[in-house]
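Here is the structure we will look at, set down as structure tokens.
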Amino acid sequence: MLEAALAALAAAGGTAVVQAAGTDAWNGFRTRVARLIGRGDGQREHAELERLDRTADVLEAVGPGEAEQVRIRQEASWQTRFEALLESLTDVEREQVAAELRILLHEEDPRPQPGSGGMSGNTFHGPTAVQFGDGNRQDNRFGSGA
């Protein structure tokens, strides 16, 4: 069983795969993920590239009514792959791979960076609060008792 920080890192990896699929960054990102999981084994790396491509194909082919469920399943699938990788390593290897994954996620993060002021692709239905910044605190209360 992975410690909470590594489990969260694996979850972030799964989310990043799904978010990157179909974007301009996909080819480079998928190559780096396959290399990370393959750990120098060319056959394993090739198998991961095929798995990544299947993920992108599935995400592209879904209709709007099922898109969210498919995204969730794909994120969970890739989270599980990252968890299995981390669990299979020695402590020293695990720390090295975790560091590599953190770097990959930081470099490929499609979200706006702190201070960039950007936000896009959101749909809000009902009361909404949005805050940008780094290390901020925000308390929101909606409804009649607010």
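Does Thr90 count as more than 26 Å from Glu3 (Cβ to Cβ) and of a type in the set (Val, Ile, Thr)? If you could, list the steps in order and put the result at the bottom.
Values: more than 26 Å from Glu3 (Cβ to Cβ): no; of a type in the set (Val, Ile, Thr): yes.
No: the conditions fail for Thr90.
Considering only the stretch 1-19, state which residues are in contact (Cβ under 8 Å) with a residue 12 or more places away in the chain, assigned to a helix (DSSP H, G or I) and either in contact with a Leu (Cβ under 8 Å, 6 or more places away or on another chain) or within 18 Å of Ser88 (Cβ to Cβ) (or both).
Selection gives Leu6, Ala7, Leu9, Ala10, Ala11, Ala12, Gly13, Gly14, Ala16, Val17, Val18.
Quick check: is even one residue across the stretch 46-66 farther than 14 Å from Phe82 by Cα, surrounded by 14 or more Cβ atoms within 10 Å (Cβ to Cβ), more than 15 Å from the chain's Cα centre (by Cα) and at pLDDT below 95?
Within the stretch 46-66, one or more residues are farther than 14 Å from Phe82 by Cα, surrounded by 14 or more Cβ atoms within 10 Å (Cβ to Cβ), more than 15 Å from the chain's Cα centre (by Cα) and at pLDDT below 95.
Quick test for you: out of Gly40, Gly22, pick the one residue that is surrounded by 12 or more Cβ atoms within 10 Å (Cβ to Cβ), over 13 Å from the mean Cα position of the chain (by Cα) and either free of Cβ contacts under 8 Å to residues at least 24 places away in the same chain or not in a helix (DSSP H, G or I) (or both). So that I can check it myself, show each step before the final result.
On the way: Gly40 fails: surrounded by 12 or more Cβ atoms within 10 Å (Cβ to Cβ).
Result of the check over Gly40, Gly22: Gly22.
Just the residues that are under 13 Å from the mean Cα position of the chain (by Cα) and free of Cβ contacts under 8 Å to residues at least 24 places away in the same chain, please, taken from the stretch 67-87.
Across the stretch 67-87, the qualifying residues are Ile72, Arg73.
The values are calculated or read from the model by the stated rules, or taken from the named source; none is laboratory data. Quick caveat, the model's predicted, so the values are computed rather than measured. Here the Cβ is made from the backbone with ideal geometry for all residues, glycine too, and neighbour counts use every protein chain on show.
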